[in-house]
Every structure is written in structure tokens, then in C-alpha cells.
Amino acid sequence: MNSWFDRLLEAVHEELGDSGALDLTHDDAMLLLDLARDVAHGSGARQYAPLATYLAGLLVVQSDAQSDPVARERLFAALSRAAATAGPAGPNPL
């Protein structure tokens, strides 16, 4: 994806051994970053962005989106719409 992320993946592999198909395409990275932006802006609470991207990862693993880039794009778009529907986090979000 980029040199920093490549180094991160390499370090993860060194720490944990063979992590299987641990990879992140440029397209997936952009979709996740867009999701994180939408959640942070929509909720008004930046701390929800990493939680939403973690949720996206769990949903990808549990669905047919793991091997289908179009399904991943639809899943991430659905999460972005859900974040918009959820609206602002309000005071004391966590």
C-alpha cells in the first residue's frame, strides 16, 4: 500500500510469525479511511473512527466480502450510512 504500512506489516509478521493473508489493498485502505472520516465527522467523536473500522473488519471476515472487493465496498458504504443515521454522539461519548 505504502512504505510505512509495508514496514508495519513486515513488523507484524516478525512479531507474530506468518499471519496468513494479512494484507491491505490501496482501494480497501481508501474505503476504510473514508469510513473513519465519515464516522468521526458524523459522530463528532473521533474515538469512534477506529472502533467503526474494527467493526468493518469483523463484518468482512464474517461475510462474503472477504473475497469480494465489490461486497467490501458495499459493506463499508453501509457502515458510513449507518454512522450518518446514528448522528452525533452528544456529550460524554465514552
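The values are calculated or read from the model by the stated rules, or taken from the named source; none is laboratory data. Predicted model, so just to flag it, every value in this text is computed and none were measured. Cβ sites come from the backbone with ideal geometry, for glycine too, and all protein chains shown count toward neighbours.
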- Message: Give all pairs with beta carbons closer than 8 Å in which a residue from the range 61-87 that is touching a residue at least 40 places away in the same chain (Cβ under 8 Å) meets a residue that is part of a loop (DSSP other than H, G, I, E, B); count only pairs at least 6 apart in sequence or on separate chains.
- Response: PRO69/THR25
- Query: How many residues does the range 85-94 contain that are surrounded by fewer than 13 Cβ atoms within 10 Å (Cβ to Cβ) and modelled with pLDDT of 90 or more?
  - Reply: 3
- Message: If I filter the range 14-26 for residues that are more than 17 Å from VAL60 (Cβ to Cβ) and of a type outside the set (Asp, Glu), do I get at least one hit?
- Response: yes
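May I ask you to verify whether GLU15 is at negative phi, surrounded by 14 or more Cβ atoms within 10 Å (Cβ to Cβ), among the acidic types (Asp, Glu) and part of a helix (DSSP H, G or I)? So that I can check it myself, show each step before the final result.
Working: at negative phi: yes; surrounded by 14 or more Cβ atoms within 10 Å (Cβ to Cβ): no; among the acidic types (Asp, Glu): yes; part of a helix (DSSP H, G or I): yes.
When the stated conditions are applied, GLU15 does not pass them.
Among the helices (runs of 4 or more DSSP H) contained in the range 25-94, which hold 1 or more residues that are aromatic (Phe, Trp, Tyr)?
Details: elements: 26-43, 48-61, 69-86.
Because the criterion is at least 1 residues that are aromatic (Phe, Trp, Tyr), the helices (runs of 4 or more DSSP H) in the range 25-94 that meet it are 48-61, 69-86.
Out of curiosity, is ASP27 over 30 Å from PRO88 (Cβ atoms) and exposed (fewer than 14 other Cβ atoms within 10 Å of the Cβ)? Quick ask: steps written out before the conclusion?
On the way: over 30 Å from PRO88 (Cβ atoms): no; exposed (fewer than 14 other Cβ atoms within 10 Å of the Cβ): yes.
Answer is no for this residue.
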- Please find, among TYR48, TYR54, the residue that is surrounded by fewer than 13 Cβ atoms within 10 Å (Cβ to Cβ), on the phi < 0 side of the Ramachandran plot and within 12 Å of the chain's Cα centre (by Cα). TYR54
- Message: So if I check each of GLU10, GLU73, GLU14, which one is touching a Leu at 6+ places or on another chain (Cβ under 9 Å) and not hydroxyl-bearing (Ser, Thr, Tyr)?
- Response: GLU73
